[in-house]
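The values are calculated or read from the model by the stated rules, or taken from the named source; none is laboratory data. Everything numeric in this text was worked out from a predicted model, so none of it was measured. Virtual Cβ from ideal backbone geometry, glycine too; neighbours counted across all protein chains shown. Accessible surface is based on the protein model in full, side chains and every heavy atom, while ligands, DNA and RNA are left aside. Shrake-Rupley method; radii C 1.70, N 1.55, O 1.52, S 1.80 Å.
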Amino acid sequence: MKSLKKNLSNQEQVRFGPDIKQENQGMVTGLKILTLLLYYLQVNFVVCQLFALLAAIWFRTYLHSSKTSSFIRHVVATLLGLYLALFCFGWYALHFLVQSGISYCIMVIIGVEKMHKYCFVFALGYLTVCQITRVYIFDYGQYSADFSGPMMIITQKITSLAYEIHDGMFRKDEELTPSQRGLAVRRMPSLLEYLSYNCNFMGILAGPLCSYKDYITFIEGRSYHMTQSGENGKEEIQYERTEPSPNVAVIQKLLICGLSLLFHLIISKMLPVEYNIDEHFQATASWPTKVIYLYVSLLAARPKYYFAWTLADAINNAAGFGFRGYDKNGAARWDLISNLRIRQIEMSTSFKMFLDNWNIQTALWLKRVCYERASLSPITKTFLLSAIWHGVYPGYYLTFLTGVLMTLVARAVRNNFRHYFIEPPQLKFLYDVVTWMATQTAISYTVVPFVLLSVKPSLMFYSSWYYSLHFAGILVLLLLPVKKTQKGKSTHENVQLSQSKKFDERENSLGQNSFFTTNSVCNQNQEIASRHSSLKQ
């Protein structure tokens, strides 16, 4: 009987063995194909961005505003953008036109009184449907054919412009904050202007977001025009400043891109974030080791963002877009639409300082369309909007819910303790070292689910830390008084400084407390408002 079973078992192995082997070979082949596809798409993106960089240099040289009309510049910028989108994403790029086209129809049909709400709901809803389709139907956890990335930028532009038109054509000036008044759009854009703003080749693949007025000013060649009051104080005289060359700024940013890419290719693969939830690591590593590896693994995950955002900034600068003005030393500043400041990020001594310098244009968008317009719980609503905008992975929501807690805790601690450590300098240095360590740990702890994406590994990580920072944060909020800040008016109408002075102070400071830490807005919006107040619509 035993021999019979043995023979049958052997026969089954002979019978099914090749099938199992063939199935395994099929799985391996599938993984290889997926890996090659992901590699191809990443290379495809980089090639398209490098092409956009060359096109930007050509655009500035041969289609300069002094040589051709705004109409031609709009047409060329739009067609090149759509070509890049089609090359990079195939027919998925039609979503960009559908989303922009329907949003424009909403603006025209609904009217300026309520169009901002309809555009907001439609654009964000359309983006969410596309994200759900891409994630849960096609490729969960993969970033292949991620056409929703450009749609995220287009959604920002659609909603921003809708609110800016609503502010400029419906609301009264006295109802607007200085930044809203400076960004307000006083006429309905044409369809060509609208498509050019949403789909131009400089920002269609990776952004960054820019205001509509800044973009139109660039296309029409008014970036270097200044307005000066006449002798009677009312007459305005326009004169043109010397146009600076962006070459130095572009080269510097390309060098940063190269270093970031090199770091990502060499170091990031050696320090995967997923190792934080490895069972052997959790069981054997000491707490100092866990903290150190958490920090360095998230540090290694950031260069890919540095590369993509800095390259996008360099492309815009190469086309002549992004000039902010001159600093106190007379050097040209090409950071109008910059999306990050690496040194400030890595040396952050507060949660606010980190977020103020990370994904800056998205932070500005969140403030303009949500935070400063929300009557109740603006912080919670803004973090929720940020999570919805980023996508439908559960990890995003865990990160941003934790971010709400960490934001409130960081503000409470800073308000209650920082003033005791201002003097002497040695004490302040010690405070800065301690707060740097605490900030980097808290940021890394918060964003792990953002990288892991799924619920199970995210909760596994938090469980391995016993939810320690969550409980500590709740305890801090229960024990420390939270000082409330007047939203909106206090952040916008406090101090009127020149553009360069504000920039220098922000660059050198360690970050000051404000009610909203997700948004790096006060200083930048004041700069934008002061700049636009000097321009004619």
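Points worth noting:
- Members of region 309-324 that are open to solvent by less than 20 Å² (accessible area, probe 1.4 Å), outside any loop (DSSP other than H, G, I, E, B) and either farther than 15 Å from SER245 by Cβ or of a type in the set (A, V, I, L, M) (or both): THR310, LEU311, ALA312, ASP313, ALA314, ILE315, ALA318
- Being surrounded by 18 or more Cβ atoms within 10 Å (Cβ to Cβ) and more than 17 Å from the chain's Cα centre (by Cα) is a description that applies to PRO449.
- When residues of region 266-296 are limited to those that are touching a residue at least 60 places away in the same chain (Cβ under 8 Å) and within 22 Å of the chain's Cα centre (by Cα), the one nearest to ALA442 (Cα to Cα): TYR295
- Hey, LEU336 free of Cβ contacts under 8 Å to residues at least 60 places away in the same chain, in a loop (DSSP other than H, G, I, E, B) and either closer than 30 Å to VAL121 by Cα or among the aliphatic types (A, V, I, L, M) (or both) or not: no
- Residue match in region 182-192 (condition: among the β-branched types (Val, Ile, Thr) and open to solvent by 10 Å² or more (accessible area, probe 1.4 Å)): no
- In region 224-246, the residues that are surrounded by fewer than 23 Cβ atoms within 10 Å (Cβ to Cβ) and either closer than 30 Å to THR159 by Cα or at pLDDT 95 or above (or both): TYR224, HIS225, MET226, THR227
- Between ARG418, ARG411, ARG368, the distinction of being surrounded by fewer than 19 Cβ atoms within 10 Å (Cβ to Cβ) and touching a residue at least 12 places away in the same chain (Cβ under 8 Å) belongs to ARG418 only.
- The set of residues from region 144-165 being modelled with pLDDT under 95, open to solvent by 20 Å² or more (accessible area, probe 1.4 Å) and more than 17 Å from the chain's Cα centre (by Cα) comprises just one member, ALA145.
- Exclusive hit being at pLDDT 50 or above, under 17 Å from ALA410 (Cβ atoms) and open to solvent by 40 Å² or more (accessible area, probe 1.4 Å), set PRO424, PRO481: PRO481
- Scanning region 294-306 for residues that are within 15 Å of LYS269 (Cβ to Cβ) and open to solvent by 30 Å² or more (accessible area, probe 1.4 Å) gives VAL296, LEU299, LYS304.
- Any hit, region 400-408, residues being among the small types (Gly, Ala, Ser) and surrounded by fewer than 23 Cβ atoms within 10 Å (Cβ to Cβ): no
- Subset of region 99-138 that is touching a residue at least 12 places away in the same chain (Cβ under 8 Å) and surrounded by fewer than 13 Cβ atoms within 10 Å (Cβ to Cβ) - its residue that is farthest from GLY168 (Cα to Cα): TYR136
- Search result, residues across region 166-181 that are over 16 Å from MET107 (Cα atoms) and crowded, with 22+ Cβ neighbours inside 10 Å: SER179, GLN180
- Residue in region 417-426 that is part of a helix (DSSP H, G or I) and closer than 28 Å to CYS370 by Cβ present: yes
- Put simply, of LEU82, LEU63, LEU53 the only residue that is modelled with pLDDT of 95 or more, farther than 14 Å from ALA319 by Cβ and open to solvent by less than 50 Å² (accessible area, probe 1.4 Å) is LEU82.
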